[in-house]
Amino acid sequence: MTSLTDPQDPAPMQSLGRVLKRLNAYRWLSLGALLSSLLLTAAYAVTPQLFRWGIDQGIAQQDLQIVLYSAVAMVAAAIARGLFNFGQSFWAEAASQGVAYDLRNKIFSKIQHLSFSYHDQAQTSQLLTRVTSDIEQIRTFLSTSLMQVISAIVTLVSIAVILLMMNWQLALITLTVVPMSGWLMVRFLDRNSVVFRLVQEQLGDLNAVLQENLLGIRVVKAFVRESAEMTRYTTLNDALIKTNMKTIRAIRNTFPFMFLLSNLVTVVVVGYGGAAVIGGRFSIGELVAFNSYLLLILQPILLIGFAAPAIAQAATSAERVYEVVDTEIEISDRPNAIPFETCGGRITFENVSFRYPGATTEALKTISFETKPRELIAVLGMTGSGKSTIMNLVPRFYDVTTGAVRIDGRDVRNFTLKSLRSHIGIVFQETTLFSGTIHENITYAKPNASLEEVIDVAKTAQIHDFIMGLSGGYDTIVGERGVGLSGGQKQRIAIARTLLTDYSILILDDSTSAVDARTASQIQDALDDLMRRKTCTAFVIAQRISTVKNADRILLMDKGRLVAQGTHEELMQQSPLYGAILESQVKQTNS
Ligand SMILES: Nc1ncnc2c1ncn2[C@@H]1O[C@H](COP(=O)(O)OP(=O)(O)OP(=O)(O)O)[C@@H](O)[C@H]1O
Ligand SMILES: [Mg+2]
């Protein structure tokens, strides 16, 4: 569970300040909203004066014309209120949409650029909540709460001034309600801000369970864990509703007092004001107007009260959004980074040790080797021995802890990331396809590739015939995670996707693990040919010795160390571990 932020922490309010600064990009819309809000207040403030005029000058003097005039003026004021109300909410809404749009793009772009190590540790659901619900909280704050508070303050001040001008003694009695409600409000927020924050965090936790469940729903069903998952969700849902009820109870406990206060003030105004009217010091019209203002002045206090929790929530949300936006990108271009242009094929690992961020042990321990141009290198080793980790260091998915990785003598950290990665074709161990057609998936990194090119790579990856057998051919839609395809089919589409890019270094991480041995060796044969033609160096990680037999050199990994290297024949003679792996595989195939 996420930890509670310190209520005294100024960061949320600072983040809210940064959100407000973003309004600068929408200053005309904001100004329109502000102006409408001021005019709206004025239209509200003038109405009781029209009442007073109609009663004192019209009804009391029996002047029908003034009664009519005042009635017409009141209708006009009502129409103006409607217009300004529309203007205020329309422009405030438009400005808030603009800021939300900018923030969404900003955080999304940041997520695109954050390094592997960030995504290793970040919870996907937390990131999702930030892009969606946190930004929505901020938007609602800008379009609603902020306007409410501004217009409430303007109303409060202007009506206080009007009341003081009308009758200062009565005004002072009336205005005592302001500090009293203010005190109730502060006490309310002070006691409940932690609860408001808790609601949001519990909502995040609930979403995390939901998201994990949706991703793993097949596992849930296979292990018949539906009811356990229900319990897990319901427990969190129960906690959420309990916290929500707490906030409702807190609101219910505070706001009736404010209404009571306002009614007590009415007693005073009617009593004291009534006596003043009888004594001839105050007109009936003035008393009616005064009483109307009384309602107007309590409204903004309540509005600020209702807006306060939303402001606290928006501040927390703003902090959560800026937390991601401000995250330092660990792996980025060095100041004098140069583009990676041609590859001579000499890749050097120089005493490379590597520890994953947050890990306690080293995944790679002083690895050293050098490839020759056009060499096909196979990396072999038990599961968890560090094969994928070695390959992660070449395109700088992670940077070495000590030592260096060089291409043609140049440290990879001196190249621009974009040029480096676009020259490395990598097929990941875990296949990810996107929703869309097979054609779109294969052309993911090269959208304008011709159909011949696409068919060419699909043939190399031994998937063309399968695709042609589908009713939609290359235009067949695959689900969001490639559902509808077998594991091996997905792997082969992923190989085709990589082969279509302008790689000069090729890395295949266990890419034929889900493909049958015969197809795998067909792919391997096609690739061997391609690799020698098109690449300057190729790495193949594989579990099967049969797949790596043809390699120019085999690197044998064991527990993060490079324990042997050489051709298949050399290793058979020299490495007991290689012999053991070979023996176990031969046994498997024979049994
Ligand atoms: N993102 C990560 N964060 C922390 N530790 C990791 C991470 N990825 C891998 N490791 C650890 O590093 C070690 C090497 O993992 P690696 O993925 O390189 O193994 P591998 O040889 O590719 O295994 P396999 O054949 O199962 O794919 C393992 O002990 C693993 O626990
Ligand atoms: Mg691996």
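The values are calculated or read from the model by the stated rules, or taken from the named source; none is laboratory data. What you are looking at is a predicted structure, and each value in this text was computed from that prediction instead of being measured. Don't worry about glycine lacking a Cβ; one is built from the backbone with ideal geometry, like all the others, and counts go over all protein chains shown.
Name the residue that is farthest from the chain's Cα centre (by Cα), counting only residues in segment 47-65 that are of a type in the set (A, V, I, L, M) and buried (at least 18 other Cβ atoms within 10 Å of the Cβ).
Ranking the candidates gives Ile55 first.
Annotation note: of Ser70, Ser96, Ser37, the sole residue that is of a type outside the set (A, V, I, L, M), farther than 29 Å from Leu287 by Cα and either free of Cβ contacts under 8 Å to residues at least 12 places away in the same chain or in a helix (DSSP H, G or I) (or both) is Ser96. Checked across segment 194-204, the condition of being surrounded by 15 or more Cβ atoms within 10 Å (Cβ to Cβ) and touching a Lys or Arg at 6+ places or on another chain (Cβ under 6 Å) holds for at least one residue.
Residues in segment 325-357 that are β-branched (Val, Ile, Thr) and either within 16 Å of ligand 1 (Cβ to nearest atom) or in contact with a Leu (Cβ under 7 Å, 6 or more places away or on another chain) (or both): Thr327, Ile329, Ile331, Val352.
Residues considered: Glu430, Glu440. Of these, the only one that is more than 13 Å from ligand 1 (Cβ to nearest atom) and without any contact (Cβ under 8 Å) to a residue 40 or more places away in the chain is Glu440. Pairs are defined by a Cβ separation below 6 Å, a sequence spacing of at least 6 or placement on different chains, a first member in segment 525-541 that is in contact (Cβ under 8 Å) with a residue 24 or more places away in the chain, and a second member that is within 16 Å of ligand 2 (Cβ to nearest atom) and assigned to a strand (DSSP E or B); the pairs so defined are Phe539/Ile377; Phe539/Ile507; Val540/Ala378; Val540/Leu508; Ile541/Val379; Ile541/Asp509. For segment 277-303, filtering for residues that are out of contact with any Pro (no Cβ under 9 Å at 6 or more places or on another chain), part of a helix (DSSP H, G or I), buried (at least 19 other Cβ atoms within 10 Å of the Cβ) and of a type in the set (A, V, I, L, M, F, W, C) leaves 6. For segment 350-404, filtering for residues that are among the aromatic types (Phe, Trp, Tyr) and farther than 18 Å from Leu506 by Cβ leaves 3.
When every residue of segment 135-156 is checked against the conditions, none turns out to be touching a Leu at 6+ places or on another chain (Cβ under 9 Å) and surrounded by fewer than 17 Cβ atoms within 10 Å (Cβ to Cβ). Only one of these is out of contact with any helix residue (DSSP H, G or I) (no Cβ under 7 Å at 6 or more places or on another chain) and more than 16 Å from ligand 2 (Cβ to nearest atom): Leu39, Leu35, Leu50, Leu103. Name it. When all the criteria are applied, what remains is Leu35. Only a single item in (1) in contact (Cβ under 8 Å) with a residue 12 or more places away in the chain; (2) assigned to a helix (DSSP H, G or I); (3) away from ligand 1 (no atom under 16 Å from the Cβ) is not met by Gln491, and it is number (3). The condition of being at pLDDT below 85 and at negative phi does not hold for Ile159.
Highlighted here would be helices (runs of 4 or more DSSP H) found entirely within segment 336-442 that include at least 1 residues which are over 28 Å from the mean Cα position of the chain (by Cα), surrounded by fewer than 17 Cβ atoms within 10 Å (Cβ to Cβ) and more than 16 Å from ligand 2 (Cβ to nearest atom), but there are none.
Which of the following residues is of a type outside the set (D, E, K, R) and within 9 Å of ligand 1 (Cβ to nearest atom): Thr389, Thr366, Thr401, Thr360? It is Thr389.
Out of segment 228-268, which residues are within 12 Å of Leu184 (Cβ to Cβ) and buried (at least 16 other Cβ atoms within 10 Å of the Cβ)?
Result: Ala250, Thr254, Phe255, Met258, Leu261, Ser262.
Scanning segment 516-530 for residues that are within 15 Å of Lys549 (Cβ to Cβ) and among the hydrophobic types (A, V, I, L, M, F, W, C) yields Ala517, Ala520, Ile523, Leu527.
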